[in-house]
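Peer 1: Quick one: the structure is below, and I'll ask about it shortly.
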Amino acid sequence: MEFSIKSGSPEKQRSACIVIGVFEPRKLTLAGELVDNASKGYLSDIIRRGDMEGKAGRTLLLHNVPGLLGDRVLLVGLGREKDFREREYRSAIHTAVTTLNETGAFDGTLYLTEVPVKKRDTNWRVRQAATVAQDAVYRFDAMKSKKDEVRRPLRKLTLAVERRNELAGAERAMQEGAAIAGGMALAKDLGNLPGNVCTPAYLANRAQELAKEAGFSCKVLERKDCEDLKMGSFLSVADGSRQPPKFIVMEYNGGAKGDKPVVLVGKGITFDTGGISLKPGEGMDEMKFDMCGAASVLGTFKAIAELKLKLNVVGLVPTTENMPGGAATKPGDIVTTMSGQTVEILNTDAEGRLILNDALTYAERYAPACVVDIATLTGACVIALGHVATGLYSNTDSLARELQHAGDDAHDRAWHMPLWDDYQEQLKSNFADMANIGGRPAGSVTAACFLSRFAKKYEWAHLDIAGTAWKSGAAKGSTGRPVPLLTHFLLHRASAA
Ligand code: BES
Ligand code: MN
Ligand code: ZN
């Protein structure tokens with residue numbers, strides 16, 4: 001979808017459809033008043049008759065509104081003005097765009113971007129609108145033999161701002177929002193592809209393609225390279241699979257030479273059967289999403305490259321299947337990690353931490369400004385935070401605050417969880433330096449504690465996205481999270497530099 005920014009009165013827009021918000025009960029927004037005046041009370045008449053009371057989620061499409069240059073007006077209910085916050089704003093944009101897309105309007109102009117949202121400015125509203133709008137028209141039909149065509153899909157969306165002096169800022173905000181949505185779409189595509197298509201080799205190829213298109217560098221370490229690096233932990237997960245593992249290294253150099261990079265590490269398990277500690281069958285298909293951390297790293301790279309961010313960023317993706325083949329790792333097996341620490345694998349289904357720890361050690365060579373790993377790591381995190389917040393852990397409080405703030409800003413929220421040493425005891429092993437599981441209590445915390453042992457040389461944070469990376473049920477599919485959080489985080493870092 002193409003976006004543009006405009007300031008100017010709604011009655012003078014030639015757009016196929018202008019979108020106007022209505023508060024409950026029966027109160028026009030500012031742009032609504034202007035249209036109402038130009039049409040000599042046409043809108044207030046409709047509202048008075050009760051055809052649009054302003055309930056959130058309701059829409060009404062009007063044709064031939066007198067006094068306007070455009071064809072149609074779409075009224076969108078916003079709910080009560082005093083309750084109109086970020087969530088309500090986002091769902092109003094979503095409703096508007098979905099409706100426009102269905103009504104077959106080729107282009108539209110959103111005046112919803114002028115409606116005040118508590119504590120947020122015009123740029124925030126525009127950025128969010130671009131992201132939500134583009135995300136709302138996302139479809140995944142790559143694996144269907146017949147594509148479901150939208151009759152005349154929405155191609156062009158204009159976002160209105162009130163004042164001319166807001167245009168320049170809004171223009172950039174719009175680009176940011178669109179780039180984030182583009183990154184989300186890539187992350188969603190990769191997540192939604194089945195495990196027999198999206199293999200480690202496929203992920204590596206897509207990373208290399210993206211690098212070529214977007215202009216950053218990418219190399220792929222093969223099994224042999226990982227053996228030479230002594231990544232015994234990562235490779236032990238690959239032992240049960242016929243698919244060769246890959247270790248993807250992406251380097252985006254938008255910052256000054258010699259500036260310490262931010263390193264992003266994404267868990268890339270393209271299918272998690274649990275290995276010899278086999279998972280139960282029900283819902284196991286969803287373990288194709290176990291590479292959503294990796295997908296979010298690729299999506300974020302796409303977004304920051306498009307925005308030409310002035311920052312150095314490295315992306316590391318260890319990727320493999322977790323399968324119960326004849327050569328698979330067995331419970332009780334002990335592996336030596338790249339760090340030299342040994343791990344007793346008591347449960348082969350706790351494989352995410354086994355591939356991540358070697359990537360965290362590999363990250364040391366960059367002397368990073370900080371390292372953030374992103375992983376669908378634990379079912380326990382879903383129990384703790386549900387599908388709303390990502391679990392956030394860090395060995396540095398200021399980094400945790402930065403990420404939490406980025407998530408708030410992006411409306412892709414994370415919640416700071418404890419990483420106290422008291423939890424480390426649960427990882428004791430009788431036979432190795434540590435076990436790879438810490439028992440039932442605080443499963444998401446002990447997983448983070450495990451990772452922290454490999455992240456002592458730099459500022460590090462861990463995002464457990466097990467509950468937020470995809471949706472189950474009727475709307476099953478990847479969400480593209482946390483691309484918005486990560487991109488905001490890097491945007492802030494780039495502008496602070
Ligand atoms: N990929 C899973 C985590 C997961 C499970 C995410 C369900 C979303 C929904 C991870 O590899 C895993 O299996 N974790 C185990 C760890 C346990 C064996 C300590 C889990 O959460 O059950
Ligand atoms: Mn697992
Ligand atoms: Zn997993």
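Each value in this text was obtained by applying a stated rule to the coordinates, not by laboratory testing. Predicted, not measured: the structure shown is a model, and the values here were computed from it. Quick reminder, even Gly has a Cβ in these numbers, built from the backbone with ideal geometry, and neighbours come from all protein chains shown.
Peer 1: Using Cβ contacts closer than 10 Å as the measure, can you line up Ile355, Ile383, Ile180 from fewest to most?
Peer 2: Details: Ile355 27, Ile383 12, Ile180 33.
Sorted ascending by nearby Cβ count, the order is Ile383, Ile355, Ile180.
Peer 1: So what's the gap between the Cα centers of the range 420-458 and the range 1-38, to the nearest angstrom?
Peer 2: Centre-to-centre (Cα) distance: 55 Å.
Peer 1: Place +1 on the Cβ of every Lys and Arg and -1 on the Cβ of every Asp and Glu in the range 181-496, take the dipole about the Cα centre, and give the residue among Gly325, Trp460, Gly215 whose Cα lies farthest towards its positive end.
Peer 2: Gly215
Peer 1: From the Cα gyration tensor of the range 103-220, with a ≥ b ≥ c the square roots of its eigenvalues, which class applies: rounded if a/c is under 1.5, or else prolate if a/b is larger than b/c, or else oblate? Please report the intermediate quantities before stating the final value.
Peer 2: Values: a/c = 2.79, a/b = 1.60, b/c = 1.74.
Note, shape of the range 103-220 comes out oblate.
Peer 1: If you don't mind, there's one more thing I want to ask. Can you give the helix-only mean residue ellipticity at 222 nm for the chain, where every DSSP H stretch with n ≥ 4 adds -39500 (n - 2.57) and the sum goes over all residues, rounded to the nearest 500 deg cm²/dmol?
Peer 2: Result for the chain, helices only: -11000 deg cm²/dmol.
Peer 1: Compute the angle between helix 397-410 and the longest alpha-carbon principal axis of the chain, please, reported from 0 to 90 degrees and rounded to the nearest 10.
Peer 2: With both axes taken from Cα atoms, the answer is about 40 degrees.
Peer 1: Now for a separate question. So if I place +1 on the C-beta of Lys and Arg and -1 on the C-beta of Asp and Glu, and nothing else carries charge, what would the dipole magnitude of the range 181-496 be about its Cα centre? I want it in debye, nearest 20.
Peer 2: Values: 31 positive and 35 negative charges, 116 e Å.
It works out to roughly 560 debye.
Peer 1: Angle check, please: helix 86-103 long axis (alpha carbons) against the longest principal axis of the chain (alpha carbons), in degrees 0 to 90, nearest 10.
Peer 2: For 86-103 against the chain, the angle is about 70 degrees.
Peer 1: Lysines within cross-link reach of Lys260: Cα-Cα under 19 Å, excluding same-chain residues under 8 positions apart?
Peer 2: The reachable lysines, counting only those whose Cα sits under 19 Å from Lys260, are Lys308, Lys310, Lys456, Lys457.
Peer 1: Show me 165-171, 125-131 ranked by packing, highest mean number of other Cβ atoms within 10 Å first.
Peer 2: 125-131, 165-171
Peer 1: Another one. Counting other Cβ atoms within 10 Å, keep those with at most 13, restrict to DSSP loop, and tell me which trypsin sites (Lys or Arg not before Pro) in the range 1-42 are left. Can you show the working numbers first?
Peer 2: Numbers: sites: Lys6, Lys12, Arg14, Arg26, Lys27, Lys40; in loops: Arg14, Arg26, Lys40.
Those satisfying the criteria are Arg14, Lys40.
Peer 1: Find the centroid of the Cα atoms in the range 39-118 and in the range 304-359, then give the distance between the two in whole Å.
Peer 2: Computed from Cα coordinates, the inter-centre distance equals 48 Å.
Peer 1: Among Ile248, Ile20, Ile437, rank each residue by its count of other Cβ atoms within 10 Å, from fewest to most, as a rough exposure measure.
Peer 2: Ile437, Ile248, Ile20
Peer 1: Still on this structure, I have one more. Rounded to the nearest 5, what % of the DSSP beta bridges within the chain are antiparallel ones?
Peer 2: 40
Peer 1: Further question on the same structure: By its C-alpha gyration tensor, with a ≥ b ≥ c as the square roots of the eigenvalues, how is the range 437-497 shaped: rounded for a/c under 1.5, else prolate for a/b larger than b/c, else oblate?
Peer 2: oblate
Peer 1: Just want to confirm a number: the relative contact order over the chain, from Cα pairs under 8 angstrom separated by 6+ residues, in percent.
Peer 2: 14
Peer 1: Turning to a different aspect of this structure: Positive end of the charge dipole of the chain (Lys, Arg +1 and Asp, Glu -1 on Cβ, about the Cα centre): tell me which of Thr98, Asn430, Asn357 has its Cα farthest that way.
Peer 2: Projecting each Cα onto the dipole axis, the largest value belongs to Thr98.
Peer 1: I'd like the orientation of helix 167-192 relative to the chain: the angle between its Cα long axis and the longest Cα principal axis, in ° from 0 to 90, rounded to 10.
Peer 2: The angle comes out at about 50 degrees.
Peer 1: Here's a follow-up. Name the shape class, rounded, prolate or oblate, that the alpha-carbon gyration tensor gives for the range 266-413, where a ≥ b ≥ c are the square roots of its eigenvalues, rounded holds for a/c under 1.5, and otherwise prolate holds if a/b is larger than b/c and oblate otherwise. Mind dumping the intermediate values first?
Peer 2: On the way: a/c = 1.84, a/b = 1.45, b/c = 1.27.
Prolate shape, in that a/c is at least 1.5 and a/b is the bigger ratio.
Peer 1: Strictly over 32 Å apart at the Cα level, which of Lys6/Lys219; Lys212/Lys288; Lys82/Lys188; Lys246/Lys279; Lys119/Lys471 would you flag in this model?
Peer 2: In this structure, Lys6/Lys219; Lys82/Lys188 lie more than 32 Å apart at Cα.
Peer 1: Let me ask you something else. Work from the charge dipole of the chain (Cβ charges, +1 for Lys and Arg, -1 for Asp and Glu, about the Cα centre) and give the residue of Cys381, Cys370, Ser4 farthest towards its positive end.
Peer 2: Checking the options against the dipole of the chain, the answer is Ser4.
Peer 1: Same structure again: What's the whole-number percent of alpha carbon pairs in the chain lying beyond 27 angstrom?
Peer 2: 57
Peer 1: Going by how many other Cβ atoms sit within 10 Å of their own, how do Arg164, Arg453 line up, fewest first? The partial results should precede the final answer.
Peer 2: Working: Arg164 9, Arg453 18.
Taking fewest neighbouring Cβ atoms as first place, the list is Arg164, Arg453.
Peer 1: Calculate, in nm to one decimal, what Lys330 and Arg80 gain on full extension: separation in residues at 0.36 nm each, minus their alpha carbon distance.
Peer 2: Full-extension gain reported as 84.2 nm.
Peer 1: Going Cα to Cα from Lys224, which aspartates and glutamates come in below 19 Å? Please leave out same-chain ones fewer than 8 positions away.
Peer 2: In chain and number order, the partners are Asp239, Glu321, Asp358.
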